1. Take the stretch 1-31 and flag every residue that is outside any helix (DSSP H, G or I) and surrounded by 10 or more Cβ atoms within 10 Å (Cβ to Cβ).
2. For the stretch 32-40, indicate whether the set of residues that are over 22 Å from residue 110 (Cβ atoms), at pLDDT 90 or above and part of a helix (DSSP H, G or I) is non-empty.
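The values are calculated or read from the model by the stated rules, or taken from the named source; none is laboratory data. Predicted model, so just to flag it, every value in this text is computed and none were measured. Here the Cβ is made from the backbone with ideal geometry for all residues, glycine too, and neighbour counts use every protein chain on show.
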Ligand SMILES: [Zn+2]
């Protein structure tokens, strides 16, 4: 009985097609990546719905960045900012209540609140001030 079981397991293991399994794993990885919050957001942003949302927001704020108050000529000058970060609130990644427009520099400045970006910005700053 035990030997029968061993045979079955051995046969099953031989049947596992490793290259095929590898392809499956890669495919699973690819599919998983497609649904990361950032990818979901990027797809929404370039969709008709996302573009329409941006246009409406631009009209609503009359081209004025809510942070620096500068008025910019078109929606292209604005980035979509996540009020609550994608990392901490992945479920709100395309929730319009969590989105707003910011001008490029303000959006970058806000992005720089995460430590690695701050370090990167400081490094650039130090390099420049040493020149
Ligand atoms: Zn701004």
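1. 17
2. No - not one qualifying residue is present in the stretch 32-40.
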